[in-house]
Amino acid sequence: MSRLDSVIRRLTAQRDILDSLAEALKGVPGPILELGLGNGRTYDHLRELFPGRRIIAFDRHAHSFAQSTPDPEDMVLGEIRETIRAFVGSDAAMAHADIGTGHDDLDAETLTWLPDAMAGVLRPGGLAVSGLPLPHSLLVELPVPAGIPDGRYFLYRRA
Ligand code: SAM
């Protein structure tokens, strides 16, 4: 598979999983955390799917499109491993992490802290969506929508 095919599949998986959660999250209070704002594509999609919901975005750099940039109070700059600590216990309804790199060594380092961080920020019943797997005793893996290949993107409910 070419890298172009791979990116298209990743973005399709992101969109299809997020779309599939819009109804389920209506009854779950709390903010949404977007880990890895990037240029703000998925942030923009989350705003469309969840109008009125607070969405807090994290990144080490501010480099999103102007129209997809959160208000300053909802943008957390710095290394997520450090900045996320202030949000543990924040009872988020959902956290989406798009911070995989495709480099096994970098992703292995991220996996030393990301599962704990995701479990820590979510309320019970909250949902974790991630491009990296999140092995954690409090995160129960859920099936992803039909058509998304195994291992492409991951979905969990916080116990
Ligand atoms: N979902 C985004 C979009 O639709 O535009 C793209 C996210 S991009 C693939 C990943 C982003 O996460 C990059 O902007 C990168 O700077 C940020 N990032 C990755 N690991 C990070 C970390 N450990 N701490 C802070 N930011 C990180």
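Treating only the Cβ atoms of Lys and Arg (+1) and Asp and Glu (-1) as charged, compute the dipole magnitude of the chain about its Cα centre; round to the nearest 20 debye.
Numbers: 16 positive and 22 negative charges, 71 e Å.
It comes to approximately 340 debye.
Accessible area of the chain with a 1.4 Å probe: how many percent of it is carbon plus sulfur?
Numbers: 4460 of 8350 Å².
Summing carbon and sulfur atoms, their accessible area is 53 percent of the total for the chain.
Accessible area per residue for region 3-158 in Å², computed with a 1.4 Å probe and the full protein assembly in place, what is it?
That works out to 52 Å² per residue.
Given axes a ≥ b ≥ c from the Cα gyration tensor, I'd like to know whether the chain is rounded (a/c under 1.5), prolate (a/b larger than b/c) or oblate. Let's see the in-between values first.
Values: a/c = 1.15, a/b = 1.09, b/c = 1.06.
Rounded, since a/c falls under 1.5.
Roughly how much of Ile80 is accessible, in Å² to the nearest 10, using a 1.4 Å probe?
20 Å²
Summing -39500 (n - 2.57) over the DSSP H runs of n ≥ 4 in the chain and dividing by its residue number, what mean residue ellipticity at 222 nm do you reach, to the nearest 500 deg cm²/dmol? List each step's numbers first, then the result.
Numbers: 5 runs with 47 residues, N = 159.
Helices in the chain give a 222 nm mean residue ellipticity of -8500 deg cm²/dmol.
Nearest 5 is fine: what % of DSSP beta bridges in the chain come out antiparallel, could you say? Please list the in-between numbers first.
Details: 7 of 23 bridges.
Roughly 30 percent of the DSSP beta bridges within the chain come out antiparallel.
The values are calculated or read from the model by the stated rules, or taken from the named source; none is laboratory data. Here the structure is a predicted model, which is why all the values come from computation and not from measurement. Methodologically, a virtual Cβ is constructed for each residue, glycine included, from the backbone with ideal geometry; neighbour enumeration extends over all protein chains shown. Note: areas computed on protein heavy atoms with side chains; ligands, DNA, RNA excluded. Shrake-Rupley method; radii C 1.70, N 1.55, O 1.52, S 1.80 Å.
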